[in-house]
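The values are calculated or read from the model by the stated rules, or taken from the named source; none is laboratory data. Because the structure is predicted, anything quoted here is derived from the model rather than measured. Ideal geometry is used to build each Cβ from the backbone, glycine not excepted, and the neighbour counts take in all protein chains shown. Please note that ligands, DNA and RNA were not included when accessible areas were found on the heavy atoms of the full protein model with its side chains. Shrake-Rupley method; radii C 1.70, N 1.55, O 1.52, S 1.80 Å.
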Amino acid sequence: MKFIAGGPKGETHVRFVFEGVLDGFRDAAKAENFSGKERELLVSYPGKPKRLIVAGLGKKERFTTEKLRRAAASAAIKARGLDLTEISFSLPSGSRAENAQAVVEGVALGLYEYKRYKSKGGRPLKLATVRVDGAAGSIRRGEIYARATCVTRDLVNDPPSVCTPRYLADAARKTAKGGITIKVFDEKQIKKMG
């Protein structure tokens, strides 16, 4: 999956709305009992764009980037269920840098799957391109944080018979190759430290 900075393009747009602010799709929202509450999702087909996914953020005065991250994850999961190959996200009002990063993190973490020991391939992810209406630096930062979280999730999900202290140290060394300095302590050094 590739994240791209840029305005909405393509057949499917994702918008975030605060509770009660339903400009432009009030009729579709009413028909589906959608009001913009936190964790609500609406899919409508207005014509242009072909498909609109609207994710509720709840009350504006209670908005946090964590709520945006979760709403972006819900929209991404819906896009996966619809077998979409491309989606575009518009950002809600507020800090564009923080919101763009939160959307990228939400999408990547929402679509995370631990596959190491699954015998069947399952349904492959068709979503190849995610366009976010934000700065490239914020999108890149979101990708880095999400990738680091997914690596950590993989390590946590590994059984203890696989993720031994040595395995974990090797994973840390592998991650640190990009210019990060690490120091791995052996059992004797750890006992000496108390």
Partner lysines whose C-alpha sits under 27 Å from that of residue 188, ignoring same-chain residues fewer than 8 away, are 174, 177
On the formula 1/(1 + (r/R0)^6), with r taken between the Cβ atoms of residue 61 and residue 115 and R0 of 41 Å, the FRET efficiency rounded to 0.05 is 0.50
If one builds a Gaussian network model of the chain from Cα atoms under 10 Å apart, the most fluctuating residue listed among 159, 49, 92 is 159
Here, residue 171 and residue 48, labelled 7 Å along Cα→Cβ, have an inter-label distance in nm of 5.0
Sorted largest first, the Cα spans of segment 145-192 on the principal axes come out in Å as 36, 29, 13
For 181-193, 54-66, ranked highest to lowest by mean beta-carbon neighbours within 10 Å, the order is 54-66, 181-193
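All other residues with a Cβ under 14 Å from the Cβ of residue 193 taken together, and with Lys, Arg as +1 and Asp, Glu as -1, what is their net charge?
Summing Lys/Arg as +1 and Asp/Glu as -1 gives +2.
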Hits in segment 58-97: amide N under 19 Å from the 7 Å Cα→Cβ extension of residue 26, namely 60
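Return one quarter of the surface area of the convex hull spanned by the alpha-carbon atoms of segment 120-163, equal to its mean projected area, in nm².
Working: hull surface 18.4 nm².
About 4.6 nm², averaged over all directions.
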Distance in Å, no decimals, from the C-alpha centre of segment 145-166 to the one of segment 57-108 is 25
Under a Gaussian network model of the chain whose springs join Cα atoms within less than 10 Å, the largest fluctuation of 180, 53, 144 belongs to 180
Expected unfolding gain across residue 41-residue 183 under the 0.36 nm per residue rule, minus the alpha-carbon gap, is 46.5 nm
Mean Cβ-within-10 Å packing, highest first, puts peptides 32-39, 11-18 in the order 11-18, 32-39
Here the FRET efficiency for residue 11 versus residue 123, based on Cβ atoms and R0 = 22 Å and rounded to 0.05, is 0.60
Most fluctuating of 88, 74, 119 in the GNM of the chain (C-alpha, under 10 Å) is 119
Once the in-chain neighbours fewer than 8 apart are removed, the aspartates and glutamates whose Cα is under 18 Å from residue 2 read 11, 83, 86, 105, 113, 133, 143
The answer for segment 147-194, accessible area per residue at 1.4 Å probe in Å², is 87
The percentage of the accessible area of segment 101-155 (probe 1.4 Å, all protein chains present) made up of carbon and sulfur atoms, to the nearest whole number, is 54
